[in-house]
Amino acid sequence: MDTTTLQNLLLQAAQAVQRGVLQALHALGLADTVHGQPAWPLAWRIAVENLVIDGGLARQVALWVLMAGLALLWAAAAMAWRRRRLPLAAGALILLALAPWPPAHLLWAPAVPTSFHRSPTGFEATRIAQGLKLYQAHCAACHGHDGRGEGPLAASLPTWPPTLSAGLLWKRAEGELLWRVQHGLHDRQGRPTMPGFAGSLSTDDTWAVLDAMKVLAAGDGATRQAAWPWPVTAPQMAVDCADAPGPRPLAHWRGQRLRIVLAGAALPQPIEDPRFVTVVVGSSQTRAAGVECTAASADAATAYARLAGLPDAQQAAGLQFIVDRQGWVRAMSRPGRGGWSEDDLLCRAEAAPPAQSRAADAPPAAGLDALIARMEAEPVEVARLGVPHGR
């Protein structure tokens with residue numbers, strides 16, 4: 001088992017155990033409800049982010065879990081097997097003594113009541129659009145209208161606001177981000193560095209603002225680096241198709257590739273392609289152009305425009321995105337570009353795997369087939385708590 005797989009398994013196991021403990025405590029009435037979800041009652045949690053970024057710590061924890069598990073089995077056997085009780089009990093104690101106990105300061109991290117809360121928004125375009133308005137009203141003065149941390153009040157603050165695209169939104173659990181927006185931040189000396197917004201933003205509003213911040217961070221990365229260091233899911237929207245009555249959610253096509261096209265300019269040809277389902281966003285008057293699926297939502301058009309770092313849907317007319325089978329936005333083609341290549345990947349690993357590697361001075365592989373092959377070769381792995389994807 002390679003280190004990355006081990007780290008991912010440990011992360012998932014640690015989160016599952018902690019969530020299970022939380023649900024059990026809540027069911028027993030030992031954990032309160034905060035912001036609409038069960039509240040973590042302890043001051044500490046397992047620092048899963050450290051397990052992911054530190055391969056040595058992950059291996060040490062895995063070995064400790066294995067040896068501690070064996071010790072428990074031997075202790076249970078000692079209780080059941082009288083004749084062998086003494087050697088089995090001694091063996092269990094020896095295993096515990098030899099187990100490599102992980103450093104406490106690396107294994108544990110401070111927790112807040114919402115550490116294990118999950119966003120209920122579903123990353124829907126309507127909530128993103130709402131969040132963008134609230135962000136401009138409450139956050140832009142410090143964090144900047146584009147999320148770069150360069151708002152008009154930024155220089156007057158004790159600590160300069162961070163750039164959202166630097167990983168702030170992915171290096172912390174989303175429930176902890178909720179807590180910090182609601183209750184504020186302080187430096188090590190206890191001085192406030194960001195006010196809390198519990199008095200002006202409801203819990204639902206805060207979740208919407210966090211979605212908007214993710215979109216702004218993605219747009220900043222797309223504009224300045226032509227890449228996203230952390231993956232972004234496709235904003236959800238209602239889609240109408242000619243072959244079915246009534247709208248369906250975008251998630252209906254999970255397991256299929258999607259192409260999202262913003263209306264308002266000449267549509268790319270061929271508009272329908274067997275390699276993916278095409279959805280035209282922002283207009284319902286496209287049936288004559290051979291479009292099968294549309295999303296006539298101004299909010300969806302706004303959300304996808306901001307993903308590209310563009311201020312509004314009008315300037316994003318003709319913009320295209322490709323979404324992989326798991327629902328991650330992986331590639332983008334700006335208006336006026338002809339054809340696709342690997343360079344259109346927004347969400348990619350640091351380097352192609354050996355089967356896809358090329359000489360440093362070679363041009364990127366051209367064509368949609370090459371792009372899709374690269375996407376399939378580099379699936380998104382883990383997407384939160386500071387974990388890079390596609391490694």
Inset, instruction - Report the antiparallel proportion of the DSSP beta bridges in the chain as a percent, rounded to a multiple of 5. - result: 75
Inset, instruction - List H183, H117 from most exposed to least, where exposure is judged by having the fewest other Cβ atoms within 10 Å. - result: H183, H117
Legend entry - Summed residue charge, Cβ within 15 Å of L201's Cβ, Lys/Arg positive, Asp/Glu negative: 0
Legend entry - Cα gyration tensor category, rounded, prolate or oblate, for the range 255-324 with a/c compared to 1.5: oblate
Inset, instruction - Quote the relative contact order of the range 134-263 in percent (integer), defining contacts as alpha-carbon pairs under 8 Å separated by 6+ residues. - result: 18
Inset, instruction - Given the options A308, A68, A217, state which has the largest fluctuation in a GNM of the chain using a 10 Å cut-off (strictly under) for Cα springs. - result: A68
Legend entry - Sum of -39500 (n - 2.57) over DSSP H runs of 4+, divided by residues of the chain (222 nm, nearest 500): -12000 deg cm²/dmol
Legend entry - Taking D240, D344, D32 and counting other C-beta atoms within 10 Å, the order from fewest to most: D32, D240, D344
Inset, instruction - Go ahead and set up a Gaussian network model of the chain, Cα springs under 10 Å, then flag whichever of A242, A173, A129 fluctuates most. - result: A242
Legend entry - With at most 14 neighbouring Cβ atoms within 10 Å, loop GluC sites (Glu not before Pro) (DSSP) excluded, longest segment of the chain: 1-271
Inset, instruction - Can you tell me the relative contact order of the chain? Whole percent, Cα pairs under 8 Å, sequence separation 6 or more. - result: 13
Legend entry - Prolate/oblate/rounded label for the range 11-170 (Cα gyration tensor, a/c 1.5): prolate
Legend entry - Nearest-0.05 FRET efficiency for L30 and R83, computed from C-beta distance (R0 51 Å): 0.80
Legend entry - Relative exposure of F123, F321, judged by other C-beta atoms within 10 Å (fewest first): F123, F321
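Quick note: the coordinates plus some simple rules give every number you see, no bench work behind them. Owing to the predicted nature of the structure, the values given are computational and were not obtained by experimental measurement. Here the Cβ is made from the backbone with ideal geometry for all residues, glycine too, and neighbour counts use every protein chain on show.
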